[in-house]
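Trainee: Can you keep this structure in mind? I'll have questions shortly.
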Amino acid sequence: MPTLKIDGQEITVERGTTILQAAEQLGVQIPTFCYHPGLSIAANCRMCLVDTNKAPKPLPACHAQVMDGMEVWTDSEKVKRTRKAVLEFILLNHPVDCPICDQAGECVLQDHYFKYSAQPSRLFHRKRHKAKAKVLGPNVILDAERCILCTRCVRFCDEIAKSSQLTIVNRGEKSEITTFPGKLLDNPYAANTVDICPVGALTSRDFRFRTRVWMLSSERSVCPECARGCTIRVDTFENVPRRYKPVHNPKVNDWWMCDAGRASFRDYLGDRMEGPTIVAADGRRTAVSTAKAVEDAARAIQAAGGHHKVAVIASPWLTNEDAYLLARLLTGALADARVYMGGRAAGAGDDVLIQADKNPNRRGVDAIFAALGVTAQPLASFAGAGVETVVVFGDNHDAAESVLDAIKAVPRRVVAGTRMSPWWQLATTFLPLRLHWEKDGSYTNFEGVVQRLRRAVRAASTCKSEGWYAMKLAQSFGDALAFDTPQDIFAAVASAVPEFAGLGWSALGDHGLRFGEGAAPAAGPSADAQMEASP
Amino acid sequence: MATIQVKRRDGLSLAEKLYIPEVMRGMVVTTRQLVKNVFGHQDIATRQYPEVKKAYPERFRGRHRLTWRDDGSVRCVACMLCSTACPANCIHIVAGDRGDEKIEKYPVSFEIDLLVCVYCGMCVEACPCDAIRMDTGTHPMPSFSRDKQRIRKVQLLEEGLPSTARQGGLGT
């Protein structure tokens, strides 16, 4: 194993390690543009040039492998001069239109310029002009003047999305990123090119001009659109989610997420139903307090005349904590009730990230229900015969007309939902729910990775989680079910469900824990810190 | 040590106690001022306010205005640096796509809540385009509703003027 010195610090690394990786291990930062840990190495931006004793000229640290006895200087006068020169070349024809560029604020070029160059342009000639605001595909728009030709996007399409839709045409200063003739950048992962673009060349069409990035507040969460559960950042401004961004998680999604998941936040923005409502027989709606609505729901359940005439529709959208509380209700006071499992219908999947199961927590809910002894029938088998009261948790259920009609035929219908939907319309008692970005909790993905869901948005005080309603209903039937925080519930889940054994709330950390990983320490943050430094 | 002579008044003098002479003396002062006001306008300290206004100093930070381009369109590119710099959070901009090759972005709406504004001038400092200025030399006028104090793009442009600063950067 070669031993080398970087800025005077000695380190021994594996053979084949690059200088950049070795420096990372020492905590020495080397600026990069084209290097991305998830992609192949191109070494074309030359930003990472470092001085060594093994070569007369500076070497690209992202590409050059370490040698025994190597000495590397990342901060010598020569390296500083080199970086300044590289940045001058990169910025030669750059339009410097930061005020109207969506990348400003999270732009690697901006950061590097202020840190390593900070000199005015010495160009007296007219700048080279290229395509502006060129639509590449449904989600991505290109400004070729801002492009530094690092080819991260080209490599992403070739290596991750396997679609090979982008390329560089022409030579020298006329070089430009574009799609192949007649093709669009329309692969299901296209928007990741926006994330990895170090400058503002590729920007999101959805997010275009909406919010300046420095105004956003972020919270780590989980994308609920399929069973993969990609780790995401929910970026909010004025308490409204503005975009999802994938966050590096080697256990789940690496650096990526699909475009459908990324765009899905819009589905939840409008039509929120935030008030508890009771609907009279003549269709008159009365807004009531949360306590009144829960009381009414409990009364509706009691009015069924025996709990075997009560049907409860659970959802694979429940967090692990909510599922546990609901399972406690269904094994306690409502032990005789019939249980159905709703959720969204299966869709298309692929072998990159997208799963066919379009529900975020089926694995977790199934494990918790199985461990506590709740057996759920599929919602499609709901016929309604002999059911006097139906309790629906969540409104992300794809149900056939016949099932909806069967539910509509049930005299008392308690629905806990988030927004305007067929489920809201058939409610006789409506309990407003929190959305996934308004909850603290955890989801289990299809591989059994339990990840934290963090509250990114403050919900209206009338909105509660499914678990809270289950707990209040259980209490109104005399069950001693009381938890204060999701931590406490998660601890109860960990002790009651064998799959969750040993998992701790705080140990879930940023990357989550896989079933059975309970005793293992949380993964180190090194790769993650690098990712956040150069997205 | 110096000695300070303090002269105390010992009540009213006889002339003052007689009252009438003092009243006459006061009337003389008043009459003199009246004659001066009627026949010699130039020395009056009072300003005839709504008709005659005092010119504010040149660097007075008054009501905002948005400058124009040569073609009369708004110079602002909706970069939000003013609303970022604003310590009172009174600038609300919604950006849109202008469909122009060179300068793609423009403010669809630009609102300043004058009731919230603290007239610090940070927005003017922050603007990279010379698009917002506070050199109208006027202060906000009273109104009967709060909504009237939220001035919008149209009003900001009405007060505006063309800017001669170059836009679009060097080498364009």
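The values are calculated or read from the model by the stated rules, or taken from the named source; none is laboratory data. All of these numbers come straight from a predicted model, not from anything done at the bench. Note that each Cβ is placed from the backbone with ideal geometry, even for glycine, and that neighbours are counted across all protein chains shown. Just so you know, the surface numbers come from the protein's heavy atoms only, side chains and all, with ligands and any DNA or RNA stripped out. Shrake-Rupley method; radii C 1.70, N 1.55, O 1.52, S 1.80 Å.
Trainee: Quick check on packing: order A:505-512, A:180-187, B:73-80 by the mean number of other C-beta atoms within 10 Å, highest mean leading.
Mentor: Values: A:505-512: 17.9, A:180-187: 14.5, B:73-80: 22.5.
Per-residue Cβ counts within 10 Å, averaged per peptide and sorted highest first, yield B:73-80, A:505-512, A:180-187.
Trainee: Show that you can apply the helix-only estimate: for the protein assembly as shown, add -39,500 (n - 2.57) for every DSSP H stretch of four or more residues, divide by all residues, and state [θ] at 222 nm to the nearest 500.
Mentor: Values: 19 runs with 163 residues, N = 707.
Taken over the protein assembly as shown, the calculation gives -6500 deg cm²/dmol.
Trainee: Still on this structure, I have one more. Just need the relative contact order of chain A here, percent rounded to a whole number, with Cα pairs under 8 Å and 6+ apart. Mind dumping the intermediate values first?
Mentor: Values: 1101 pairs, mean separation 63.3, N = 535.
After rounding, I find 12 percent.
Trainee: Loop only by DSSP, 10 or fewer other Cβ within 10 Å of the Cβ. Give me the trypsin sites (Lys or Arg not before Pro) in segment A:247-316 that pass, ordered by residue number. Walk me through the numbers before you get to the answer.
Mentor: Working: sites: A:Lys251, A:Arg262, A:Arg266, A:Arg272, A:Arg284, A:Arg285, A:Lys292, A:Arg299, A:Lys309; in loops: A:Lys251, A:Arg284.
Filter output for segment A:247-316: A:Arg284.
Trainee: Let me ask you something else. Work out the mean other chain Cβ neighbour count within 10 Å for the residues of B:75-85 and drop it here as an integer. Kindly include the intermediate steps, with their values, before the conclusion.
Mentor: Values: counts 0, 1, 3, 4, 7, 7, 5, 0, 2, 4, 0.
Mean shielding by partner chains, rounded to a whole number: 3.
Trainee: For segment A:19-25, just list the computed ³J(HN,Hα) in residue order, Karplus coefficients 6.51, -1.76 and 1.60, θ = phi - 60°, integers in Hz, with x standing in for Gly and Pro.
Mentor: Each residue's phi maps through the Karplus curve to give 4, 4, 5, 5, 5, 4, 4 Hz.
Trainee: Once amide H atoms are placed 1.01 Å from N in the peptide plane, what residues at a sequence separation of 5 or more from B:Ala95, or on another chain, have their amide H within under 5 Å of its amide H?
Mentor: Residues meeting the criterion, in which the H sits 1.01 Å from N, are B:Val108.
Trainee: Please list, in chain and number order, the residues 5+ apart from A:Tyr340 or on another chain whose amide H is under 5 Å from its amide H, with Hs placed from the backbone.
Mentor: Amide H neighbours of A:Tyr340, under 5 Å, 5+ apart: A:Val312, A:Ile313, A:Ala314, A:Gln377.
Trainee: At most 15 other Cβ atoms within 10 Å and a DSSP loop assignment: could you name the trypsin sites (Lys or Arg not before Pro) in segment B:77-172 that fit? Don't jump to the answer; show the numbers that get you there.
Mentor: On the way: sites: B:Arg98, B:Lys102, B:Lys105, B:Arg133, B:Arg146, B:Lys148, B:Arg150, B:Arg152, B:Lys153, B:Arg166; in loops: B:Arg98, B:Lys102, B:Arg146, B:Arg152, B:Arg166.
Those satisfying the criteria are B:Lys102, B:Arg146, B:Arg152, B:Arg166.
Trainee: Taking every residue in A:99-109, how many Cβ atoms of other protein chains lie within 10 Å of its Cβ, on average? It would help to have the intermediate numbers written out before the result.
Mentor: Working: counts 13, 12, 3, 2, 0, 3, 1, 0, 0, 0, 0.
For peptide A:99-109, the averaged partner shielding equals 3.
Trainee: Shape call for segment A:125-268 from the C-alpha gyration tensor, a ≥ b ≥ c root eigenvalues: rounded (a/c under 1.5), prolate (a/b greater than b/c) or oblate? The partial results should precede the final answer.
Mentor: On the way: a/c = 2.18, a/b = 1.53, b/c = 1.43.
In terms of gyration-tensor shape, prolate.
Trainee: Nearest-5 percent of antiparallel DSSP beta bridges in the protein assembly as shown? Kindly include the intermediate steps, with their values, before the conclusion.
Mentor: Values: 55 of 78 bridges.
If I count the DSSP bridges inside the protein assembly as shown, around 70 percent turn out antiparallel.
Trainee: Okay, next question. Under 5 Å between amide hydrogens, which residues at least 5 positions from A:Ala61 or on another chain qualify, with H placed 1.01 Å from N in the peptide plane?
Mentor: Under 5 Å from the amide H of A:Ala61 lie the amide H atoms of A:Cys48, A:Leu49, A:Val50, each far enough along the sequence or on another chain.
Trainee: Further, regarding this structure: What GluC sites (Glu not before Pro) in segment B:79-156 are in a loop by DSSP, with at most 16 other Cβ atoms within 10 Å of the Cβ? Kindly include the intermediate steps, with their values, before the conclusion.
Mentor: Values: sites: B:Glu101, B:Glu104, B:Glu111, B:Glu125; in loops: B:Glu101, B:Glu104.
Answer in residue order: B:Glu101.
Trainee: Need one number: nm distance between label points at B:Lys54 and B:Ala85, each 7 Å from Cα along Cα→Cβ, rounded to one decimal.
Mentor: It is 2.8 nm.
Trainee: For the protein assembly as shown, take the convex hull of the Cα atoms, compute a quarter of its surface area, and give me that in nm², please. Walk me through the numbers on the way to the answer.
Mentor: Values: hull surface 222.1 nm².
The orientation-averaged projected area of the Cα hull of the protein assembly as shown comes to 55.5 nm².
Trainee: Now for a separate question. Between A:Glu238 and A:Asp351, how many nm apart are label points set 7 Å from Cα along the C-beta direction?
Mentor: 4.7
Trainee: Another question, then. From the phi angles alone, apply the Karplus equation (6.51, -1.76, 1.60; θ = phi - 60°) to segment A:29-35 and give each ³J(HN,Hα) in whole Hz, x where the residue is Gly or Pro.
Mentor: Each residue of segment A:29-35 in turn: 8, 10, x, 9, 10, 7, 6 Hz.
Trainee: Give a residue-ordered list of calculated ³J(HN,Hα) values for segment B:143-150 (Karplus: 6.51 cos²θ - 1.76 cosθ + 1.60, θ = phi - 60°; whole Hz; x for Gly, Pro).
Mentor: Residue by residue, segment B:143-150 yields 8, 8, 9, 5, 4, 4, 7, 8 Hz.
Trainee: If the elastic network links every pair of Cα atoms under 10 Å, which of B:Ala126, B:Ala15, B:Ala88 fluctuates the most in the Gaussian network model of chain B?
Mentor: Among B:Ala126, B:Ala15, B:Ala88, the largest GNM mean-square fluctuation belongs to B:Ala15.
Trainee: Same structure, new question: Pairs A:Lys132/A:Lys183; A:Lys309/A:Lys439; A:Lys84/B:Lys102; B:Lys102/B:Lys148; A:Lys54/A:Lys251: which exceed 26 Å Cα-Cα? Walk me through the numbers before you get to the answer.
Mentor: On the way: A:Lys132/A:Lys183 18 Å; A:Lys309/A:Lys439 31 Å; A:Lys84/B:Lys102 28 Å; B:Lys102/B:Lys148 35 Å; A:Lys54/A:Lys251 38 Å.
Among A:Lys132/A:Lys183; A:Lys309/A:Lys439; A:Lys84/B:Lys102; B:Lys102/B:Lys148; A:Lys54/A:Lys251, the Cα-Cα distance tops 26 Å for A:Lys309/A:Lys439; A:Lys84/B:Lys102; B:Lys102/B:Lys148; A:Lys54/A:Lys251.
Trainee: A:Val135 accessible area, nearest 10 Å², 1.4 Å probe?
Mentor: 70
Trainee: For segment B:58-161, just say rounded, prolate or oblate: build the C-alpha gyration tensor, square-root its eigenvalues into a ≥ b ≥ c, call rounded for a/c under 1.5, and beyond that prolate if a/b exceeds b/c, oblate if not. Don't skip to the answer; put the middle values down first.
Mentor: On the way: a/c = 1.58, a/b = 1.53, b/c = 1.04.
Here segment B:58-161 falls in the prolate category.
Trainee: Right, here's the next one. Can you sort A:His63, B:His139 by solvent-accessible area, 1.4 Å probe, largest first? Don't skip to the end; give the middle numbers.
Mentor: Numbers: A:His63 105, B:His139 60 Å².
Ranking A:His63, B:His139 by accessible area, largest first, yields A:His63, B:His139.
Trainee: With a 1.4 Å probe and every protein chain left in place, tell me how much accessible area A:Val66 has, in Å² to the nearest 10.
Mentor: 10
Trainee: Counting only other chains, what is the mean number of Cβ atoms within 10 angstrom of the Cβ of each residue in peptide A:125-131?
Mentor: Working: counts 1, 3, 4, 1, 4, 0, 1.
Average per residue, whole number: 2.
Trainee: On to the next question. Rounded to the nearest 5, what is the percent of antiparallel bridges among the DSSP beta bridges in segment A:277-514?
Mentor: Working: 11 of 31 bridges.
Percent antiparallel among DSSP bridges in segment A:277-514 is about 35.
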